[in-house]
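Chemist: Sharing a structure here in structure tokens format.
Coordinate-derived values only; no laboratory data. In this text the structure is predicted, and so the values were computed from the model without any measurement. Note that each Cβ is placed from the backbone with ideal geometry, even for glycine, and that neighbours are counted across all protein chains shown.
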Amino acid sequence: MQQLDLPPLDFDVRWEPLHRVAHVTHRDVRLDSKLMVSAWRDQLFARLDTIKAERGGKFPIVVCIDNFTIRPSVADDYGLVVRALNERYAAGVVRYGAPALVKQIIAVEALKAGFRANLCASFEEALAALVELGSLPPTVRGSALVVRDAPTQSLTPGRRASTSSMPASSTSFRPRASQPSLERARGRKGER
């Protein structure tokens, strides 16, 4: 059997003890084939397994989507990986970064899976969103950063995420009905 040469997947997964979250940062990851999604999943889950063993269970995860590309042709495969990540590791997942196409793919896949996309502009806003989701306490002790009442940014600037219907211990996320882009995506497929 022939060995396939895959480009290296350049990303880090580390525990941030100050903020009590796992932080995933990508330097140059392009999910452009099923094989690349599978390689990314295997490497990501191996790193998350280590943190889960050290932490003794599920934990909050913050993911930087800068320098991260998802081709629309593998969006469904990406969605399956995220669903498995939520079930195995996550006490809450929030993403931050700038790529508009990646945000759109994440939002659509989250909607299809019945989760919220949880997209923010910065690491600090992602921490605040985890507080709103009940995945982190209102303050992170020993840190200069206090994440109480910090705003989050949805796909629609100026709107805050509503989490009132979500219990603090929940690990699944519901789509926000207030996101016009998600509503348009739903309308294209037809309401069922």
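Chemist: How far apart, in nm, are two points set 7 Å out from the Cα along the Cα-to-Cβ line at ASP32 and at ALA113?
Modeler: Here the modelled spin labels are 2.4 nm apart.
Chemist: Taking a ≥ b ≥ c as the square roots of the Cα gyration tensor eigenvalues, with a/c under 1.5 meaning rounded and otherwise prolate when a/b beats b/c, else oblate, which class fits region 34-126? It would help to have the intermediate numbers written out before the result.
Modeler: Working: a/c = 1.61, a/b = 1.22, b/c = 1.32.
The shape class here is oblate.
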